[in-house]
Amino acid sequence: MARSEKQVAIEVDAASVLLGDEIRIGGRVLSVHDLVHLAGGGKRVTFTSGETLIITPTTTLTVLRTAKGWDGPC
């Protein structure tokens, strides 16, 4: 049985956002390139495009994350 990668939509907050997550903002899909921890539990997210976004501890976002090891077509 073949193994493949699959993108799944999940909700994240400042504590759970990861490098490589894809966030849709204003109709554009932006990929997380860098994360910097901020005082108070927030994070500064830098995207591969160079744009930045500040996420507070109470911010919740839906992201696409690549989940490895899903069963592919037989």
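The values are calculated or read from the model by the stated rules, or taken from the named source; none is laboratory data. Since we're looking at a predicted model, the values are computed, not measured. We place every Cβ from the backbone using ideal geometry, glycine too, and count neighbours over all the protein chains shown. For accessibility, only protein heavy atoms count, side chains too; no ligands or nucleic acids. Shrake-Rupley method; radii C 1.70, N 1.55, O 1.52, S 1.80 Å.
When segment 1-33 is filtered for residues that are of a type in the set (Asp, Glu) and within 18 Å of Thr66 (Cβ to Cβ), the ones remaining, listed by number, are Glu5, Glu11, Asp21, Glu22.
Picking from residues in segment 50-74 that are among the hydrophobic types (A, V, I, L, M, F, W, C) and over 13 Å from Gln7 (Cα atoms), the one that is modelled with the lowest pLDDT is Cys74.
I'd like to check something: does segment 30-49 contain any residue that is under 11 Å from the mean Cα position of the chain (by Cα), surrounded by 12 or more Cβ atoms within 10 Å (Cβ to Cβ), modelled with pLDDT under 95 and assigned to a loop (DSSP other than H, G, I, E, B)? Looking through segment 30-49, none of the residues is under 11 Å from the mean Cα position of the chain (by Cα), surrounded by 12 or more Cβ atoms within 10 Å (Cβ to Cβ), modelled with pLDDT under 95 and assigned to a loop (DSSP other than H, G, I, E, B).
A Cβ distance below 8 Å, combined with a sequence gap of six or more or placement on separate chains, defines the contacts here; from segment 5-23, residues that are closer than 18 Å to Gly41 by Cβ reach residues that are β-branched (Val, Ile, Thr) and in a loop (DSSP other than H, G, I, E, B) in the pairs Glu11/Thr60; Val12/Thr60; Asp13/Thr58; Asp13/Thr59; Asp13/Thr60; Ala14/Thr56; Ala14/Thr59.
Does any residue of segment 12-23 turn out to be assigned to a strand (DSSP E or B) and open to solvent by 90 Å² or more (accessible area, probe 1.4 Å)? Within segment 12-23, not a single residue is assigned to a strand (DSSP E or B) and open to solvent by 90 Å² or more (accessible area, probe 1.4 Å).
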